[in-house]
Amino acid sequence: MEQIGAAALPVIIGVILLFGFFRGVDVFDAFLSGAKEGIHTSLGILPTLIGLIVAVNMVRASGLLDAVCAVTAPLAQQVGISPEIIPLALLRPISGSGASAYTLSLLEQFGPDSETGKIASVLASSTETTFYAITVYFGACQCKKLRYTLPAALLGDMAAVVLSVATVKWFGI
């Protein structure tokens with residue numbers, strides 16, 4: 001099985017090269033043009049990404065996440081979920097790597113077969129790093145109006161949290 005995986009990339013590249021050759025496309029020039037456009041796009045969104053990284057680090061260092069979690073912990077307990085899920089729900093739309101590290105720590109602390117571990121796993125796999133995605137996609141097209149995008153994306157993240165808890169609780173996954 002590993003041999004198939006190792007051969008897949010060269011085969012795909014070969015098919016692309018053959019397809020371009022038979023269509024009369026100068027594949028190398030097309031590659032260079034695409035690479036130049038990719039670098040230009042990367043440079044265009046770099047300031048926005050730096051701003052996002054600084055904001056994420058400020059939220060982490062300021063203790064804001066801990067304060068919000070402390071306020072929402074009683075509500076989580078009333079609903080019947082572990083308060084440790086709240087930081088994951090708040091962190092996931094902001095930082096994918098931070099959310100992955102936190103999910104791993106929840107799995108180590110509670111175990112993957114615990115209700116908390118299951119909810120964390122479902123939640124981590126059913127949400128998006130909303131602010132990163134918006135930063136990259138809107139930054140790439142130089143669009144600054146987020147009128148409907150941000151509320152709709154955050155509503156989707158909230159729905160993912162609710163449905164992750166409901167899925168594990170109702171279906172006993």
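The values are calculated or read from the model by the stated rules, or taken from the named source; none is laboratory data. Treat the numbers as computed from the prediction; the structure is a model and nothing was measured. Here the Cβ positions follow ideal geometry from the backbone for every residue, glycine too, while neighbour counts run over all protein chains shown.
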**Study point:** Residue satisfying all of: in segment 95-104; crowded, with 19+ Cβ neighbours inside 10 Å and not hydroxyl-bearing (Ser, Thr, Tyr); farthest from GLU115 (Cα to Cα) among these
**Key:** GLY98
Practice item. Go over the candidates LEU91, LEU46, LEU9, LEU107 one by one and state the one that is more than 27 Å from CYS141 (Cα to Cα) and either of a type outside the set (A, V, I, L, M) or at pLDDT below 90 (or both). Key: LEU9
Point to revise | Filter result for ALA153 (farther than 19 Å from VAL59 by Cα, under 15 Å from the mean Cα position of the chain (by Cα) and either modelled with pLDDT of 90 or more or hydrophobic (A, V, I, L, M, F, W, C) (or both)) | key: yes
Review point. Among the candidates LEU32, LEU107, LEU75, LEU46, which residue alone is in a helix (DSSP H, G or I), buried (at least 17 other Cβ atoms within 10 Å of the Cβ) and not hydroxyl-bearing (Ser, Thr, Tyr)?
Key: LEU107
Exercise for review: Consider only pairs whose beta carbons are under 8 Å apart and that are at least six residues apart or on different chains; among these, list those whose first residue lies in segment 30-41 and is more than 17 Å from ILE13 (Cβ to Cβ) and whose second residue is in a helix (DSSP H, G or I).
Suggested key: THR41/ALA140
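So, SER42, is that one over 24 Å from the mean Cα position of the chain (by Cα) and polar (S, T, N, Q) or not?
On the way: over 24 Å from the mean Cα position of the chain (by Cα): no; polar (S, T, N, Q): yes.
Against the criterion (over 24 Å from the mean Cα position of the chain (by Cα) and polar (S, T, N, Q)), SER42 does not qualify.
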